[in-house]
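Worksheet: one structure, shown below.
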Amino acid sequence: MADLRAFENTLIYGCDYNPEQWPESVWQEDMALMKRAGVNLVSIAIFGWARLEPEEGVYEFAWLDRIMDMLHQHGIKANLATATASPPAWFALKYPESLPVDKNGVRLGVGSRQQYSPASPIYREKASQLVRQLALRYKNHSALAMWHINNEYGCHIFESFSEETVCAFRNWLHHKYATLDALNEAWGTAFWSQTYYEWAEIQAPAAMPTFYNPSQYLDWRRFSSDMLQECMQMEVDLLREITPEVPVTTNYIGINKHLDQWKMSEIEDVVSIDIYPDPASPSAAIECAAQGDVARSLKQNQPWILMEQAPNQVQWRTLNHTKRPGQMRLWSYQLLARGARGIMYFQWRQSKAGAEKYHSGMVPHDGTDSRTWREIETLGNELKRLPDFCNDPVKAEVAIVLDWNSWWGLEQGSHPHADLNLMELVAQFYAPLHQQNITVQFVRPSDDLSKYRLVCIPNLYLVKEEDARNIETYVQNGGRVVMSYFSGIVNEHDHVYLGGYPAPFRKMLGLKVEEWLALSKEEKRPLENGWSAEQWIDVIRLEGAQAVTSHTADYYAGLPAITTHAFGAGRADYLGVKLPVEQMGLYLKTVLDELQIQPALQVPAGIEVVSRETTVFVLNHHPQTMTIDLPEHKKDLLSGKDVAGQVELPAYGVLILQ
Ligand code: GAL
């Protein structure tokens, strides 16, 4: 696989650069300012298709040649985009069949971006012609360091109900099931008279009178994710043929439900992700950390790139809060701590026109005489001075299972509780672990789990039989699992595992769930020791497990809410309720203590600690100075000074201890 050779001993610092929005007279100044800020990589031509191919088959590369040359002259590398993210207006008008169609049959128009159906054959054909042209033109250009494929696949258009897409869905199903009998069986179409006798009868799950067939919906999610992946694969194949040495990446929009990022990441060389915390959100730091951990996990700890973050404010929320002085730097280090090889921004120069003109840029409307610029310039120069810590692995002893198929299965209608949201349920585990400064690795249910001391399994609603066995074997061999309710309920076709819930995990958990209760947002039900249950209650019968805490009211009083079961050489815990997050923290703390899993440093709340093999990052998320106690002498890579004892960390301050 190609790698980021150009950045072997350097941290990446850069941005989306859209010179096509500016007269060429500005470009020289851009180069000079980029040098001042320490920019060493820019993503260019992401939305350049209309400029690169003003009419069908007529390519204009002169402007991009000039920019590529200028970048090279200034020692800045190009993360050259394949420009396929936003087809030109002429394309959409000439090939209207390529336009996305929404659930209600409305064809979406031009004048925005991402207006194509991922399955559209003509989109793929024209996109591949453009990619080939770009690759041939720039394959030997010294500025080329990486290919930026498309942009945020599935960010706006993750499914389309166009005629062509429905045809592609049928082909995909045909390939998967071979016979209609197999499809009818997998989709359980005996229900509600849904049996199909011809492939042509099959539709996409668009607007319907009531609940759609859940097995069909699952396949639709898989198919829609595969269509995006096929677009990516098509570009990857072309680029690998023409420039085998140049790494390829695509930037994810955070953790995207609509795209199986485990599968997608297998076909790229470098993972990159865009992270936009809401500065007003009390959980901003946790969300940033979780996204960084997912990014690191997708390619099993390979360094990844923060491809976009906002230099300051965004423009797409209802209320767009500014980052407070120091916050942008803090969040940048937070992601470097979690394995990022570099920090990039959207975008270089704040646009003066278009839908993003109020989105901050590294060079704001008022130029360099601004707080944003000063923070950008200072950080860039600080990173230049730092030793490269990218090959120092991030340490994680705790894993959280994340699976896209189960996510799609869980968040369907016609379930006992309509408000089960996987990311909230993951946060039930992630947030308290983050507060206790325990670094998490995300894993698939099929992964080798033996490296982890603790594996948390939030609501793995859908599980394949062999993945359930993988988890069971991990426990059998001495692992520790904490699993939460509504896990192990259905197989990959969304068919219930019969024989008592959760059938594939009953032996491991030593229990049976007899029935479940759905609670409203306001409801809480009492447990022992003043604890309480929210959202969901499993009525549990023990079959070898022990109760950790039990219900104290209603007809299930005395029955366990949380259980633990010694199984083989390991132990499996089960949460048959949702605990308020503080109680979840206390509960997880007892498990961590039992396993003697500890953070690298004991620090006050709101100070984040991330440890790598030889460095420890300490990040102050408070808007005021905090004091921490460092038991041993360490060198702070940022200040170059030795620190020990009572150390003051300024508001949003950072230490990198070695
Ligand atoms: C990203 C996108 C960028 C820009 C940015 C604004 O989702 O990739 O092109 O729109 O958001 O925050």
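For region 80-182, divide the Cα radius of gyration by the Kirkwood radius and give the resulting Rg/Rh value with two decimals.
On the way: Rg = 16.1 Å, Rh = 15.2 Å.
Dividing the radius of gyration by the Kirkwood radius yields 1.06.
Which value, in debye to the nearest 20, gives the size of the charge dipole of the chain about its Cα centre, when Lys and Arg are +1 and Asp and Glu are -1 at the Cβ? Before the final figure, lay out the partial values.
Details: 58 positive and 81 negative charges, 233 e Å.
With only Lys, Arg, Asp and Glu charged at Cβ, the dipole is about 1120 debye.
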For region 86-126, what is the Kirkwood hydrodynamic radius in Å, using each pair of distinct C-alpha atoms?
10.1
For a quick check of understanding: with a 1.4 angstrom probe and all protein chains in place, what accessible area in square angstrom does H633 have, to the nearest ten?
140
Determine, for each peptide in 224-230, 620-626, the mean count of other beta carbons within 10 angstrom over its residues, then list the peptides with the highest first.
224-230, 620-626
What is the dipole size for region 552-609, taken about its Cα centre, with +1 at each Lys and Arg Cβ and -1 at each Asp and Glu Cβ, in debye to the nearest 20?
100
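Please report the projected area of region 257-379's Cα convex hull averaged over all directions, in nm². Before the final figure, lay out the partial values.
On the way: hull surface 32.4 nm².
Computing the convex hull of the Cα atoms and averaging its projections yields 8.1 nm².
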Region 337-429, Rg to Rh (Cα coordinates; Rh as Kirkwood inverse mean 1/r):
1.16
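In Å², what does the accessible area per residue of region 398-515 work out to with a 1.4 Å probe? Working shown, then result.
Working: 3650 Å² over 118 residues.
Solvent-accessible surface per residue comes out at 31 Å².
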Just list whichever of K35/K352; K35/K263; K103/K512; K126/K263; K35/K257 have alpha carbons separated by over 31 Å in the model shown.
K35/K263; K103/K512; K35/K257
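With every protein chain kept in place and ligands, DNA and RNA left out, what is the accessible area per residue of region 531-589? Probe 1.4 Å, answer in Å². Show your work: numbers first, answer last.
Details: 2060 Å² over 59 residues.
I get 35 Å² per residue for this part.
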Among 189-200, 113-124, how do they line up from the highest to the lowest mean number of other beta-carbon atoms within 10 Å?
113-124, 189-200
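Looking at region 10-57, I'd like the Rg to Rh ratio, where Rg is from alpha-carbon atoms and Rh is Kirkwood's inverse mean 1/r.
On the way: Rg = 12.9 Å, Rh = 12.1 Å.
On the Cα set of region 10-57, Rg over Rh gives 1.07.
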Do any GluC sites (Glu not before Pro) in region 426-522 lie in a loop, going by DSSP, with at most 15 other beta-carbon atoms within 10 Å of their beta carbon, and if so which?
E522
Towards the positive end of the charge dipole of region 231-294, with charges on Cβ (+1 Lys, Arg; -1 Asp, Glu), say which of A284, M232, I253 has the farthest Cα.
A284
Would you mind checking which residues have amide H under 5 Å from K77's amide H? H placed 1.01 Å from N; only 5 or more apart, or other chain.
L41, V42
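If you put +1 on each Lys and Arg Cβ and -1 on each Asp and Glu Cβ, how big is the dipole of region 459-600 around its Cα centre, in Debye rounded to 20? Could the numbers behind the result be given before it?
Working: 13 positive and 19 negative charges, 47 e Å.
Its charge dipole is roughly 220 debye.
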When the accessible area of the chain is computed with all protein chains present and a 1.4 Å probe, what percentage of it is carbon and sulfur?
50
Cα-based Rg and Dmax for the chain, where Dmax is the largest Cα-Cα distance (Å):
26.0, 77
Return the ratio Rg/(2.2 N^0.38 Å) for region 528-630, where Rg is computed over Cα atoms only.
1.42
Relative to a virtual label point 7 Å from the Cα of S193 in the Cα→beta-carbon direction, which members of region 201-219 show backbone nitrogen distances below 18 Å?
201-203, 208-213
Sort 165-174, 37-46 for me by packing, meaning the mean count of neighbouring Cβ atoms within 10 Å per residue, highest on top.
37-46, 165-174
Can you give the % of DSSP beta bridges in the chain that are antiparallel, to the nearest 5?
50
When the convex hull of the Cα atoms of region 314-359 is projected onto a plane and the area is averaged over all directions, what value comes out in nm²?
4.0
Tell me the mean residue ellipticity at 222 nm calculated for the chain from its helices only (DSSP H runs of n ≥ 4, each -39500 (n - 2.57), averaged over every residue, nearest 500).
-9500 deg cm²/dmol
For Y345, residues with placed amide H under 5 Å, excluding near neighbours:
G14, C15, D16, Q309
Working note, region 392-504: Cα radius of gyration (Å, one decimal) and Dmax (Å, whole number) are 14.0, 47
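The values are calculated or read from the model by the stated rules, or taken from the named source; none is laboratory data. The model shown is predicted, which means the values in this text are computed figures rather than measured ones. So basically every Cβ, Gly included, is an ideal-geometry build from the backbone, and we count neighbours across all protein chains shown. Just so you know, the surface numbers come from the protein's heavy atoms only, side chains and all, with ligands and any DNA or RNA stripped out. Shrake-Rupley method; radii C 1.70, N 1.55, O 1.52, S 1.80 Å.
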